[in-house]
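Peer 1: Pasting in a structure now, in structure tokens, and then I'll have a few things to ask.
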Amino acid sequence: MREAQEKCPYCKGEGYFHLLLGGTESCPGCEGTGAHAQEAVLASRK
């Protein structure tokens, strides 16, 4: 990601979470984009 403040605060810009029992899950805060929620909305409209 570009700047620290632009990263999703929930997944830290990764776009996913590591689950305790193994595997990963897309971040609900950024819908897997890794960008801050407002940026994710703008990106999906393009």
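Peer 1: Using the count of nearby Cβ atoms within 10 Å as a rough guide to exposure, how do E14, E25 rank from fewest to most?
Peer 2: Working: E14 16, E25 11.
So the ranking, lowest neighbour count to highest, is E25, E14.
Peer 1: With each label point set 7 Å from Cα along the Cα-Cβ vector, what nm distance links E25 and E6?
Peer 2: The answer from the label model is 2.9 nm.
Where a number appears in this text, it was derived from the coordinates with a stated rule and is not lab data. Computed from a predicted model, the values in this text were never measured in an experiment. Positions of Cβ are generated from backbone atoms using ideal geometry, with glycine treated the same way; all protein chains shown enter the neighbour counts.
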